[in-house]
Amino acid sequence: MFKKIGPGVLVAAAFIGPGTVTACTLAGASFGYALLWAMLLSVIATIVLQEMAARLGVITQRGLADVIKSELQITWVKYLVLGVILSAIVIGNAAYEGGNIGGATLGLEAIFGEENTKLYALIIGTIAFALLYFGNYKTLEKAFVSLVIIMSLSFLLTALITKPDIVAIAKGLFVPSIPENSILSIIALVGTTVVPYNLFLHASLVSEKWKSKSDLKSARRDTIIAIALGGIVSMAIMIAATSISNNTISSVMDLAKGLEPLFGATAKYFMGVGLFAAGITSAITAPLAAAYVVNSIFGWKAGLDDKRFKAVWMSIIVIGLSFLIFGLKPIEIIKFAQIANGILLPVIAIFLLWVVNRKQVLGTYRNTVFQNILGVLIVVLTIILGIKSILKVFGY
């Protein structure tokens, strides 16, 4: 069974970062079980998009950026799209890396106290650095499986000790409702789960794991199971947050503190361990995704042990760690990255839907009619998300 586990685990770990944990906490604390349907919708959308990316990677044995380079024939369009990809993934992941490391740091603060924040950040940065520097794909895969299991157990146990209402959960999942002032929370839940860089990461990683077209079934199973598990973990965080009556929650650690009067200090440790695992997995996948994108765009055909490949992810970790340790807030860079990501998500979704219908690329493995219907609906969703992301930067 362990041999059949693949890159899906890394993708699930990548989208359950500190941002997702915070969005789920705020949604659960503010609206109870009412927005569980939005998380279910975002998980389905993620599975559909990631399955397309995985299928592309297995059948073509190329990364998504490689396919873009070969399939976009109009030169200026090709370089415009590649420029947006570089901006969103490389600059964006560097800007957000401080937040990933910071999220894991919050987890350690919950477990060990708040006296050594900078030391915690250095420890987390060092762990991420060491895993990427000394590890090959199999090592990374095993490390991520372990971290995802820890994260899943932590958040699921936290949800269980709140003694959730099963009937209310079912209603929240399958009877969509939009409570007053919940639109931004719905957009945040979907936007934090459907992540552009995961499409590039997944398409590149499946070719490391699977080399034959006959492996497509395994890749699909891996994608569905891992992302569904990620969705369950996200929902568990929302469910845990519903037990907090205090509406002043602004972060996930407020959730841990809010649970203490009801369930004692144990809840704080569960949340701390879960947040540490969520932060450190994202702190590893973000630099890795950036390295794969640069590798594809510049045609290096490099592996994990290539100096150029290492130089990219090293830069991302060092930049993120510097922002955090020196208290720098790269507001303009983050705004630029948000705009680039807002443009990238619908562009890549549209390209992906187009390319998985091309006989020259996938042959008999092209999309079915049902997959295309789902794909079109998800493209519309990504356009809405992209527009909202850009408008948010400008204060709308």
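The values are calculated or read from the model by the stated rules, or taken from the named source; none is laboratory data. Keep in mind it's a predicted model, so treat the numbers as computed, not measured. FYI the Cβ positions are ideal-geometry reconstructions off the backbone, even for glycines, and counts take in every protein chain you see. Protein only, heavy atoms only, side chains kept; ligands, DNA and RNA dropped before computing areas. Shrake-Rupley method; radii C 1.70, N 1.55, O 1.52, S 1.80 Å.
Before moving on, here are some points about what is shown:
- Qualifying residue in the stretch 66-75 (condition: charged (D, E, K, R), in contact with a Ser or Thr (Cβ under 8 Å, 6 or more places away or on another chain) and open to solvent by less than 40 Å² (accessible area, probe 1.4 Å)): no
- Set Ser214, Ser218: member being part of a helix (DSSP H, G or I) and free of Cβ contacts under 8 Å to residues at least 24 places away in the same chain: Ser214
- Residues considered: Gly28, Gly17, Gly57. Of these, the only one that is of a type outside the set (S, T, N, Q), crowded, with 24+ Cβ neighbours inside 10 Å, more than 18 Å from the chain's Cα centre (by Cα) and within 23 Å of Met151 (Cβ to Cβ) is Gly28.
- For the stretch 284-313, a residue qualifies if it is assigned to a helix (DSSP H, G or I), buried (at least 16 other Cβ atoms within 10 Å of the Cβ) and hydrophobic (A, V, I, L, M, F, W, C), and the qualifying residues are Ile284, Ala286, Leu288, Ala289, Ala290, Ala291, Val293, Val294, Ile297, Phe309, Val312, Trp313.
Here's the yes/no breakdown for (1) under 19 Å from Leu229 (Cα atoms); (2) of a type outside the set (Lys, Arg); (3) touching a strand residue (DSSP E or B) at 6+ places or on another chain (Cβ under 7 Å):
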{"position": "Ile5", "(1), (2), (3)": "yes, yes, no"}
{"position": "Pro18", "(1), (2), (3)": "yes, yes, no"}
{"position": "Leu26", "(1), (2), (3)": "no, yes, no"}
{"position": "Arg62", "(1), (2), (3)": "no, no, no"}
{"position": "Ala65", "(1), (2), (3)": "no, yes, no"}
{"position": "Ile85", "(1), (2), (3)": "no, yes, no"}
{"position": "Val90", "(1), (2), (3)": "no, yes, no"}
{"position": "Ala95", "(1), (2), (3)": "no, yes, no"}
{"position": "Gly98", "(1), (2), (3)": "no, yes, no"}
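- So Ala240, is it in contact with a Leu (Cβ under 6 Å, 6 or more places away or on another chain), in a helix (DSSP H, G or I), in contact (Cβ under 8 Å) with a residue 24 or more places away in the chain and open to solvent by less than 10 Å² (accessible area, probe 1.4 Å): no
- Listed by first and then second residue, the pairs with beta-carbon distance under 8 Å, at least 6 apart or on different chains, first residue in the stretch 12-27 and under 13 Å from Met271 (Cβ atoms), second open to solvent by less than 10 Å² (accessible area, probe 1.4 Å) and among the hydroxyl-bearing types (Ser, Thr, Tyr), are Pro18/Ser282; Cys24/Ser234.
- Filtered by the rule that a residue be more than 22 Å from the chain's Cα centre (by Cα) and either open to solvent by less than 80 Å² (accessible area, probe 1.4 Å) or among the acidic types (Asp, Glu) (or both), the stretch 331-355 gives Glu332, Val355.
- Helices (runs of 4 or more DSSP H) within the stretch 28-135 that include 2 or more residues small (Gly, Ala, Ser) and over 19 Å from Phe200 (Cα atoms): 92-112, 117-134
- The stretch 162-181, residues that are open to solvent by 50 Å² or more (accessible area, probe 1.4 Å), among the β-branched types (Val, Ile, Thr) and either assigned to a loop (DSSP other than H, G, I, E, B) or in contact with a helix residue (DSSP H, G or I) (Cβ under 9 Å, 6 or more places away or on another chain) (or both): Val175, Ile178
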